[in-house]
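For reference, the structure discussed in these notes is given below.
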Amino acid sequence: MRSLIAIAPVAAFALGSCTQPPAPPGAAFAQAITGRIAGPPRSCISQFSGDHAYVIDPQTIAYGYGRTTYVNHLGAPCPGVDQSNILVTESYGGMYCRGDRIRGTEPGAIIPGPVCILQDWVPYRTR
């Protein structure tokens, strides 16, 4: 039994050293807007064929079209919304607008997570 106890800390250290350190808060957002300039906020943006909204972090959603990335900072972190989940949007009229609902769902799951509400979109354009 002593040999198992002595091996456990070594195994835990070996496994722990293989993982990547977590990215600092805001790193994904900074990467998404690198080289871009913010424009005035908009309450709605058009949905374009073949494009979709994606998750930067649990409180930040983005939508890229051409040279512009539109960023939506939710009022609070949205439970169930992260980069590994599928983003489910409830929008109407071919637009993503302030007040529209989003939900995250795990791939293969049939029940989406809690509802979160979109805020204004800030366009970030390349120079």
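The values are calculated or read from the model by the stated rules, or taken from the named source; none is laboratory data. Nothing here was measured: the structure is a model prediction, and the numbers come from that model. Backbone-built Cβ (ideal geometry, glycine too); neighbour counts: all protein chains shown.
Could you list, in sequence order, all residues of the stretch 33-85 that are over 14 Å from Arg98 (Cβ atoms), in contact (Cβ under 8 Å) with a residue 24 or more places away in the chain and among the charged types (D, E, K, R)?
Arg36, Asp57, Arg67, Asp82
Would you check which residues across the stretch 39-81 are out of contact with any helix residue (DSSP H, G or I) (no Cβ under 8 Å at 6 or more places or on another chain), surrounded by 15 or more Cβ atoms within 10 Å (Cβ to Cβ), aliphatic (A, V, I, L, M) and under 18 Å from Phe29 (Cα atoms) and list them?
Within the stretch 39-81, Ala53, Val55, Ile61, Leu74, Val81 meet the criteria.
Among the residues of the stretch 103-127, which ones are over 18 Å from the mean Cα position of the chain (by Cα) and of a type in the set (Lys, Arg)?
Listed by number, the residues that qualify are Arg125, Arg127.
Working only within the stretch 72-124, note down all residues that are of a type in the set (A, V, I, L, M) and under 15 Å from Ser46 (Cβ atoms).
Passing the criteria: Met95, Leu118.
For the stretch 82-127, give me each residue that is farther than 20 Å from Thr68 by Cβ, among the polar types (S, T, N, Q) and surrounded by fewer than 14 Cβ atoms within 10 Å (Cβ to Cβ).
Gln83, Ser84 - these are the residues of the stretch 82-127 that are farther than 20 Å from Thr68 by Cβ, among the polar types (S, T, N, Q) and surrounded by fewer than 14 Cβ atoms within 10 Å (Cβ to Cβ).
For the stretch 82-95, how many residues meet the condition of being under 16 Å from the mean Cα position of the chain (by Cα), assigned to a strand (DSSP E or B) and either charged (D, E, K, R) or farther than 20 Å from Ala28 by Cα (or both)? Don't jump to the end; show me each part of the working.
Going through the stretch 82-95, the residues under 16 Å from the mean Cα position of the chain (by Cα) turn out to be 82-89.
From the residues that got through so far, the ones that are assigned to a strand (DSSP E or B) too are 86-89.
So of that shortlist, the ones also either charged (D, E, K, R) or farther than 20 Å from Ala28 by Cα (or both) come out as 88-89.
Matching residues across the stretch 82-95 total 2.
Take the residues in the stretch 20-58 that are assigned to a loop (DSSP other than H, G, I, E, B), of a type in the set (Gly, Ala, Ser) and at pLDDT below 90; name whichever of them is farthest from Asp120 (Cα to Cα). Let's see the steps before the verdict.
From the stretch 20-58, those assigned to a loop (DSSP other than H, G, I, E, B) are 20-26, 33-35, 39-41, 43, 47-52, 58; that's our starting set.
Narrowing further to those that are of a type in the set (Gly, Ala, Ser): 23, 26, 35, 39, 43, 49-50.
After this cut, where a residue has to be at pLDDT below 90 as well, the list is 23, 26, 35, 49-50.
Working: Ala23: 26, Gly26: 19, Gly35: 21, Ser49: 21, Gly50: 22 Å.
Among those residues, the one meeting the criterion is Ala23.
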